Structures are given as C-alpha cells and as structure tokens.
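Structure first, then comments.
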Amino acid sequence: MHDLAEGVQRFQRDVFPGQAGLFERLATTHRPTALFIGCSDARVVPELITQRAPGELFVIRTAGNLVPAYAPGADGVAASIEYAVGVLDVTDVIVCGHSACGAMTSLALRHDLTGLPAVADWLRHAEAARSRTTAQADGAEEAGEVAGLVRANVLSQLANLATHPSVARALAQNTVTLHGWVYDIGTGAMEELDAATGRFTALAA
Ligand code: ZN
C-alpha cells in the first residue's frame, strides 16, 4: 500500500504539472472515442498498450474480458456499455483477450472451481466459447487449447455485446464499429479479428 501512496505523490509532483493543461480540460470534458473491454489481469493495461492519454479510452475490465449478454435487471457492465455507446457516443468498441488468461486457462483445462463459486458462475458467460473450442481442440496441447479459447471467447463476447440495445442501435445506424483483439503479454504483439474470415491476424495500423 505504501508503494501506491508513494506513486500518487510521484504523480502529483513529477507528472501532473507537465500535463496540467490536459487535466484542466478533462476536469469539465469527458469525450472518449473508444470503449475498451479488457481482462482485469494486471498485465494487460489498456492505456499503455494502445498509448492513449487520460480521457481517450472508456474502459471496462472484467475477469476474462467477459460481457454478459443483455438481460433484464442490468448489471454494472451493461450500464457502462450503455453509457459509453448511448451517451458518450464512442465510435469504436474493442473486446481484447490476451495470452495466458487465467479465466480462459481454468475453463480450457477444466480446473476445479468449487471453492470459487462467484468465479465459476461468472465464467458461464464464456460457455458458448468453450462449446465452440472443445470440438476442435481434442488432443491438442494445453497451450493451444487456451489460445484457441482466448480467441473463441473474443468472438463470443462480441456476439454478447451486440445483444445490448445501445450497441444494436449504434450498429444499425452504422455509428459504431466492433473490434476483436488478442494481446500477447510476452511479446507485445496484437492480433485483430478479421470479421470476414473469423481469423486473427497481426493488427494493422
Ligand atoms: Zn485474463
């Protein structure tokens, strides 16, 4: 905890003064252009890997970058999506999976989650992705199974995302574009989903 407080002091002393103009503007303006939905994993830092400044990315981070399909009795994820798309009018939404994802690993390798009932419950939102990969991954290496599920999960969560009314409306009006990305922690490489082929290829600038 001491490290965090020290970090705040360093930010106030060394970082803030150099960007005081930006922060003064941001104090009364919130106009991010993209919604980034990533994993809570500490190693996947949205603003760092996309080189965005404060105010530019609206971020939702959940375990396994899961987006529950829309349902009555909206939750925090649904509310954040609705606000970003319906009020802030973001033009792009990115669902970003990543290598060595703990959530996807426990699903792919069927870890025993009886001691983690909330996690087990939450990971049901990736059930469609798991169904899609188990058929293909029989006998494959474990790492391959996890990598396959990470990608299938991005596809599934994009489908879930499109069930949210605000997203469905924006898609119908062509005011938002959905993107599927997979980030590799060890190399910094980023892949993007080619919607036409369903395959992931190196992200083009
Ligand atoms: Zn993860």
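The values are calculated or read from the model by the stated rules, or taken from the named source; none is laboratory data. Model, not experiment: these values are computed from the prediction. Here the Cβ is made from the backbone with ideal geometry for all residues, glycine too, and neighbour counts use every protein chain on show. Note: areas computed on protein heavy atoms with side chains; ligands, DNA, RNA excluded. Shrake-Rupley method; radii C 1.70, N 1.55, O 1.52, S 1.80 Å.
At 1.4 Å probe radius, can you tell me the per residue accessible area of the chain in Å²?
Dividing the accessible area of the chain by its residue count gives 56 Å².
Any idea how far apart residue 159 and residue 48 come out in nm if each label point goes 7 Å out from Cα toward Cβ?
3.3
Return P(r) of the range 39-94 (all Cα-Cα pairs; 10 Å bins starting at 0; whole %; ordered from short to long distances).
Distribution as computed: 20, 52, 26, 2 percent.
Carbon and sulfur atoms: what percent of the 1.4 Å accessible area of the chain do they account for?
Exposed carbon and sulfur together represent 55 percent of the surface.
How far apart, in nanometres, would the label points at residue 168 and residue 187 be if each is projected 7 angstrom from Cα along the Cα-to-Cβ direction?
Those two pseudo-labels are separated by 3.9 nm.
What value, in deg cm²/dmol to 500, does the helix sum -39500 (n - 2.57) over DSSP H runs of n ≥ 4 give at 222 nm once divided by the residues of the chain? Before the final figure, lay out the partial values.
Details: 9 runs with 77 residues, N = 205.
After summing the helix terms and dividing by the residues of the chain, the value is -10500 deg cm²/dmol.
Once Rh for the chain is found with the Kirkwood sum over Cα pairs, what is the Stokes-Einstein diffusion coefficient at 4 °C and 1.567 mPa s, in µm²/s?
The Stokes-Einstein estimate is 71 µm²/s.
Counting other Cβ atoms within 10 Å, keep those with at most 14, restrict to DSSP loop, and tell me which trypsin sites (Lys or Arg not before Pro) in the range 91-136 are left.
Details: sites: 110, 124, 130, 132; in loops: 110.
Answer by residue number: 110.
Label residue 83 and residue 119 with points 7 Å out from Cα along Cα→Cβ: what is the distance between them in nm?
Placing both labels 7 Å beyond Cα along the Cβ direction yields 2.8 nm.
So what is the relative contact order for the chain, in percent, with contacts set as C-alpha pairs under 8 Å and at least six apart?
Taking the mean separation of contacting Cα pairs over the length of the chain, I get 22 percent.
Quick one: ranking 142, 192, 127 by accessible area, 1.4 Å probe, largest first, what do you get?
Order by accessible area, largest first: 142, 127, 192.
Given contacts defined as C-alpha pairs under 8 Å and at least six residues apart, what's the relative contact order of the range 68-151, whole-number percent? Before the final figure, lay out the partial values.
Working: 43 pairs, mean separation 28.9, N = 84.
Relative contact order of the range 68-151: 34 percent.
For residue 196 and residue 19, compute 0.36 nm times the residue count separating them, minus their Cα-Cα distance, and round to one decimal in nm.
The residue 196-residue 19 span can extend by a further 59.6 nm.
Tell me, what is the 1.4 Å probe accessible area of residue 47, in Å² to the nearest 10?
70
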